[in-house]
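Here's the structure, in structure tokens; my notes come after.
The values are calculated or read from the model by the stated rules, or taken from the named source; none is laboratory data. Fair warning: this is a prediction, and the values are worked out from it, not measured in the lab. Virtual Cβ from ideal backbone geometry, glycine too; neighbours counted across all protein chains shown.
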Amino acid sequence: MGAMARTYLQRSPATSMIVEVDWVSGRDPSSTALDHLAQILRRELYKPGGVEVRLGNTIASGRSSWTVGDLASLERANRASRSGGHRATMWMVYVDGSFAENPNALAISYSASAAAIFRDRLGDAASSLVTEPEIERSVITHEAGHLLALVNIGYRSRYDHEDPDHPHHSNDKNSVMYWAVEDISIRNILRGGPPDDFDTADRADLAMLRGA
């Protein structure tokens, strides 16, 4: 994670950005979550050629449990957009089942440019106080934040905002980078609704990485 952050954030060498979103059949991403992600990325990335979040491939079948190796294989078979020239790309995939190494995970960023969202676990995490659409919007933004190197992935922030008990996560419950956003305990810890945006320290870090 984080190795593509400056390419994503800065104007050069990539002047445009595409986020390809694929999904296992029946685990469709919501347009609301994708629109929210696009809005956040357009604000934070310096891309004069534009930022596009686009639907990609429907994947015929999934599995009940996914390892990082499984996800990487899925990516190789289905990812259509690759970074090159003046275009940078991210790949996000909605899958069924759960993460083999941590069944409580709602999502995982597993490489410099790819993340997986466990759609079934989003539903499991929802409650009458924290709805699935809210969780999805927060989780997809959270994973994009990790791909942008938040928090302290390959750099050291000027702000003391990393949670020592949850490395590379914010210690601020008002930040979308708070650790519980990508964990099933979101329903118990963030009952007022999960944050869906970066906080002041996060945005300062992104500005620093962007060179602003």
Condition check for Glu132: within 26 Å of Ser25 (Cβ to Cβ) and touching a helix residue (DSSP H, G or I) at 6+ places or on another chain (Cβ under 6 Å):
yes
Residue that is surrounded by the fewest Cβ atoms within 10 Å (Cβ to Cβ) [pool: residues in the stretch 118-144 that are small (Gly, Ala, Ser) and under 15 Å from the mean Cα position of the chain (by Cα)]:
Ala144
Residues being farther than 17 Å from Ser83 by Cβ, under 10 Å from the mean Cα position of the chain (by Cα) and either surrounded by fewer than 20 Cβ atoms within 10 Å (Cβ to Cβ) or of a type in the set (S, T, N, Q) (or both): count how many of those fall in the stretch 103-117.
0
Scan Gly62, Gly56, Gly69 and give me the residue that is of a type outside the set (A, V, I, L, M) and either touching a Lys or Arg at 6+ places or on another chain (Cβ under 6 Å) or loosely packed, with under 14 Cβ neighbours inside 10 Å (or both).
Gly69
Being modelled with pLDDT of 95 or more, within 15 Å of Leu9 (Cβ to Cβ), polar (S, T, N, Q) and surrounded by fewer than 24 Cβ atoms within 10 Å (Cβ to Cβ) is the requirement here; does Ser157 meet it?
yes
State all residues of the stretch 144-195 that are among the polar types (S, T, N, Q) and in a loop (DSSP other than H, G, I, E, B); if no residue qualifies, say none.
Asn152, Ser157, Asn171, Asn174, Ser175, Ser185
